[in-house]
Amino acid sequence: MPTLGHALLEALRAYGAREIFGIPGDFVLPFFKVIEESGTLPHYTLSHEPGVGFAADAAARFRGSISVAVVTWGAGAFNLVNAIAGAFAERSPVVVISGAPGMPERAAGLQLHHMARALDTQARVFREITCDQAILGDPARAAGEIARVLRSAQEFSLPVYIELPRDLVGARVGPVAVLPHCPADPDALAECADEILARLRAAQRPVVMVDVEIRRYGVEEKAAALARALGIPVVTTFMGRGLLSAHPDVVRGTYLGAAGDPAITELVEGSDGLLLLGVILCDTNFGVSVRKVDMRRAILAINREVRVAHHSYAAIPLDDLLDALLARAPAPGQAGPAPPPPPPSTLIVDDAPLQPSDVAAAVNDLFARHGPMPMTADMGDCLFTAMEIANAPLAAPGYYAGMGFGVPAGLGAGVATGQRVLVLVGDGAFQMTGFELGNCRRYGWDPIVLVFNNTGWEMLRVFQPESRFSDLDDWRFAELAGPLGGEGVRVHTRRELAAALAHAHATRGTFQLIEVMLPRGATSGTLARFVAGFKAARERRG
């Protein structure tokens, strides 16, 4: 019989995990020893628990399977809460494993170090931001609980929580079963698929909108095939930017309401048959709509549920739904001719001061020459600038909108994809987690990091320009790159940016940090339109 520590690692691998991110601490040291000595999964230690959570989140997003964050109890796990809250909000299946006090320690009657209020306080906190939980205090039940929790992470594409008492890591347990997929009821699935197709065929202006779940469940290819079979145009949400990037013949663009392309806005808001695949109905996706999307005519498939107007079908997995729709649709063919794409934005290489949209133009030029790179973006104008970059794979906290995601997410994305990653991050977010770049040298990571430095929280300033608390000091981030094991350069002009990007792309083996100096008050055109649209929508509501 395997030990609990070994059984847990083997189960993680069997359920799709391919790496572990973590920070060791006293209550999790026995499990870290097993992680290191077993070699079951590659493991990467970072510098602060939020970075661990963001890296695991991004790895899960890019690969469409679970990733793992391992921390100690109390002081370590509570540092992870914000990152896992973001993963829960944006439907990313991160497995949180927390070392915990041993069973005799729990019964000793003493207050234990790292304990906040009670022994179960941490578990109760994580119950709010995970879809399933297990405290592995009984070796006889541990295998079954591990299997149940890991299947929940897979099936719901949400974080789960496992608490592992340190004295039970070596306890003998039975093997962990790989539980079968829970399929939809065939009659309900058939009725649901038939009703959806009937509505789409009856619609004069059908449109498919895709969001995060189609990547979480690995069904991008099926979504593209369905669009081709039905001849229906596809758009992504703000959060779903980067989806279907391998299918440019299918995707018309990204819906940004008042902040986006008017033709895309009219396509969505004028649709009488809008099929929403994995779309989160949140303000960042729909808060800047020019006119309200008519959900009475829409079809929403998310969270294993399908709503067709006033009808609701429970327990319909997105994968099963797409299979049923494809089985009933004509054979997938070529999509109808898409509108010609806008001309690529080309950077004017001169000595003019930089604006955020110049960064998008420079990256588009880089991608046009060398091919797209996977990207991560933090919250702020760097994310809105990413909307002006070609539709390449992207992970960003577009809904939860927490800061600090970009850099550690870029590290996690690099691990998951095996590719070099482009990171877009503002100076405020870089202050939070930028030092995670110091771990690149140990693991051979070499992302290209663009730091938007306007010495302020510029996105806050656009909402409340009269306040001075959005001002930040100039930390001269490029000068920190060398001591952290990378190369850094500060650029002020378009010419300098073009040269820095060319050098960064040609240089492998160390991370490249380009500090893009921007004037205070300068924003991308996309952010300016988004803020104006958001304010207008708020005024219309009251």
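The values are calculated or read from the model by the stated rules, or taken from the named source; none is laboratory data. Quick caveat: nothing in here was measured; it's all calculated off a predicted structure. Cβ coordinates were reconstructed from backbone atoms using ideal geometry, including for glycine residues, and neighbour counts include every protein chain displayed.
Among residues of region 514-528 being at pLDDT below 85 and aliphatic (A, V, I, L, M), the one that is surrounded by the most Cβ atoms within 10 Å (Cβ to Cβ) is Leu527.
Of all residue pairs spaced 6 or more apart or on separate chains, those with beta-carbon atoms under 8 Å, a first member in region 484-504 that is in the same structural domain as Pro519 (by TED's automatic domain parsing) and under 15 Å from Ala352 (Cβ atoms) and a second member that is part of a strand (DSSP E or B) and not hydrophobic (A, V, I, L, M, F, W, C) are Val491/Glu515; His492/Pro353; Thr493/Pro353. Just one residue in the set Gly218, Gly231, Gly174, Gly240 is surrounded by 23 or more Cβ atoms within 10 Å (Cβ to Cβ) and not aromatic (Phe, Trp, Tyr); that residue is Gly240. Does Arg215 satisfy the criteria of being assigned to a helix (DSSP H, G or I) and without any contact (Cβ under 8 Å) to a residue 24 or more places away in the chain? No: the conditions fail for Arg215.
You will find that of Ile280, Ile264, the residue that is closer than 30 Å to Gly380 by Cα and either assigned to a loop (DSSP other than H, G, I, E, B) or touching a residue at least 60 places away in the same chain (Cβ under 8 Å) (or both) is Ile280 and no other. Restricting attention to region 177-200, the residues being touching a strand residue (DSSP E or B) at 6+ places or on another chain (Cβ under 6 Å) and surrounded by fewer than 18 Cβ atoms within 10 Å (Cβ to Cβ) number 2. Pro206 meets the conditions (1) in contact with an Asp or Glu (Cβ under 8 Å, 6 or more places away or on another chain); (2) surrounded by 19 or more Cβ atoms within 10 Å (Cβ to Cβ); (3) under 27 Å from Val421 (Cα atoms) in every case but one. The failed one is (3). Looking only at residues of region 283-319 that are assigned to a loop (DSSP other than H, G, I, E, B) and under 21 Å from the mean Cα position of the chain (by Cα), we find that the one that is farthest from Leu527 (Cα to Cα) is Pro317.
Here is the figure for region 67-89: residues that are assigned to a loop (DSSP other than H, G, I, E, B) and not aliphatic (A, V, I, L, M) total 3.
Yes or no: Val423 surrounded by 17 or more Cβ atoms within 10 Å (Cβ to Cβ), assigned by TED's automatic domain parsing to the domain that holds Thr376, within 19 Å of the chain's Cα centre (by Cα) and not charged (D, E, K, R)? Taking the combined requirement at face value, the residue satisfies it.
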